[in-house]
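Peer 1: This is the structure I have questions about; it appears just below.
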Amino acid sequence: MATYALKRLAHSLIVLVGVLILVFVVVDRIGDPARLMLPADAPRQVYLDLRASLGLDDPFWERFGRTIAGWAVGDFGESLWQGVPSLPLALERVPATLFLTAVSLAIAVPLALLLGTRSAIKPGSVSDRILTTISLAGVSIADFWLGLMLILVVGVQWGLLPTSGFGGLEYVLLPALTLAVRPIGRIAQVARSALVEEMDKPYINTLRAKGVPEGRIVRRDALRNSAIPIITVTGDEIATFLNGAIVIETIFAWPGIGSLFIQAIERRDLPLIEACVFVVAIMVITVNLLVDLTYARLDPRTAQPTTRRQRRRLAILSPRS
């Protein structure tokens, strides 16, 4: 297990460095931060002096090497927009994003398991078709459209909840519900498929013949043995929460790292963009690493294949019995 964990960690670090390099190259080529920082009628000499002071006139490889050296010690430079160190500025927004993610997860997982379990108990029934339609609708709805509709109906017309800002539970409910709808549908579909397959196995029929109640069979045996694909898709959805929060935080003016990232892009603030990408990538990589270790712990066979795709395929096709 330790060797497997070290391999996954090394792979994650390579991915992280690759993402940062890609961000640097792309952002360096698509905008001029100095032009954005000055008024449209600023004299050309002022513009040239600002570029020189920011080091933007240096050769590409010199700027790239300076950036890599800074990354090695956790220094992403000062934000061109706010004039403060970029990494602490990005880290200040992490608690708000994690709070939003946690509430979204608390809404999505229980509801998804309830929908998936109820559908799997009587596959093909009227209730199964209704619940399957609901889960498909959840997967199909666009997050940004749902967020705008919730603001319009729940916040503006009904006046039940605030539509923007940061605070207690009343402020997080609308953005959390917006983020949770699609994962509810996806996790419910995976849970249903895994449970339907599990409920057809011989040991389930043996438990039924012994008179074990159906609900106990589902909760104690079938659901536990279907845990690996459910955990896998839940981990993917947590990573999606962290990425999808970029749009949702902007819509609801939620002061998380997603909204900060959008603001940094608008201002071509390369140091702040890199810091935001670094923080989000660390969170996503951590989630994926924990998921990999979890289902490797549940089923050691998933740690044997050499690629992530092979492990997840084995996890889905061969749940524990």
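Peer 1: Of all residues in the stretch 57-92 being in a helix (DSSP H, G or I) and touching a Gly at 6+ places or on another chain (Cβ under 9 Å), which is farthest from residue 280 (Cα to Cα)?
Peer 2: 62
Peer 1: Which ones in the stretch 239-266 are modelled with pLDDT under 85, under 30 Å from residue 292 (Cβ atoms) and not small (Gly, Ala, Ser)?
Peer 2: 240, 241, 242, 243, 246, 247
Peer 1: May I pose another question? Within the stretch 28-42, how many residues turn out to be assigned to a helix (DSSP H, G or I) and either loosely packed, with under 11 Cβ neighbours inside 10 Å or in contact with an Asp or Glu (Cβ under 8 Å, 6 or more places away or on another chain) (or both)?
Peer 2: Going through the stretch 28-42 one residue at a time, the tally reaches 3.
Peer 1: Criterion first (surrounded by fewer than 18 Cβ atoms within 10 Å (Cβ to Cβ) and either modelled with pLDDT under 80 or not assigned by TED's automatic domain parsing to the domain that holds residue 98 (or both)) does residue 215 satisfy it?
Peer 2: yes
Peer 1: Output the residues belonging to the stretch 78-111 that are surrounded by fewer than 19 Cβ atoms within 10 Å (Cβ to Cβ), at pLDDT below 90 and either at positive phi or of a type in the set (Phe, Trp, Tyr) (or both).
Peer 2: Scanning the stretch 78-111 gives a single hit, 83.
Peer 1: Regarding the stretch 247-258, can at least one residue be identified that is under 29 Å from residue 89 (Cα atoms), assigned to a helix (DSSP H, G or I) and touching a Pro at 6+ places or on another chain (Cβ under 6 Å)?
Peer 2: yes
Peer 1: Out of everything in the stretch 4-36 that is modelled with pLDDT under 80 and of a type in the set (Gly, Ala, Ser), what residue ends up being farthest from residue 272 (Cα to Cα)?
Peer 2: In this case the residue turns out to be 5.
Peer 1: Might you let me know whether the stretch 224-233 holds any residue that is within 24 Å of residue 147 (Cβ to Cβ) and out of contact with any His (no Cβ under 8 Å at 6 or more places or on another chain)?
Peer 2: yes
Peer 1: With the requirement that a residue be without any contact (Cβ under 8 Å) to a residue 40 or more places away in the chain and within 14 Å of the chain's Cα centre (by Cα), what does the stretch 244-285 give you?
Peer 2: 246, 280
Peer 1: Within the stretch 45-62, take every residue that is surrounded by 12 or more Cβ atoms within 10 Å (Cβ to Cβ) and touching a residue at least 24 places away in the same chain (Cβ under 8 Å) and give me the one that is nearest to residue 260 (Cα to Cα).
Peer 2: 54
Peer 1: Give the residues of the stretch 142-154 that are in contact (Cβ under 8 Å) with a residue 40 or more places away in the chain and surrounded by 16 or more Cβ atoms within 10 Å (Cβ to Cβ), sorted by residue number.
Peer 2: Within the stretch 142-154, 143, 147, 151 qualify.
Peer 1: Would you mind telling me which numbered condition in (1) crowded, with 16+ Cβ neighbours inside 10 Å; (2) farther than 18 Å from residue 264 by Cβ residue 65 fails?
Peer 2: (1)
Peer 1: Same structure again: Out of the residues in the stretch 159-202 that are under 15 Å from residue 249 (Cβ atoms) and outside any helix (DSSP H, G or I), state the one that is farthest from the chain's Cα centre (by Cα).
Peer 2: Only one residue tops the list, namely 162.
Peer 1: Restricted to the stretch 267-311, and to residues that are among the charged types (D, E, K, R) and in a helix (DSSP H, G or I), which residue is modelled with the lowest pLDDT?
Peer 2: 311
Peer 1: Any residue that is in a helix (DSSP H, G or I), under 23 Å from residue 19 (Cβ atoms) and not acidic (Asp, Glu) - is there at least one of those in the stretch 102-122?
Peer 2: no
Peer 1: Every residue in the stretch 43-56 that is more than 22 Å from residue 275 (Cα to Cα) and either β-branched (Val, Ile, Thr) or part of a loop (DSSP other than H, G, I, E, B) (or both), please.
Peer 2: The answer is 43, 46.
The values are calculated or read from the model by the stated rules, or taken from the named source; none is laboratory data. Since the structure is predicted, the reported quantities are computational estimates derived from the model, not experimental observations. Using ideal geometry, Cβ is built from the backbone for each residue, glycine included, and neighbour counts are taken over all protein chains shown.
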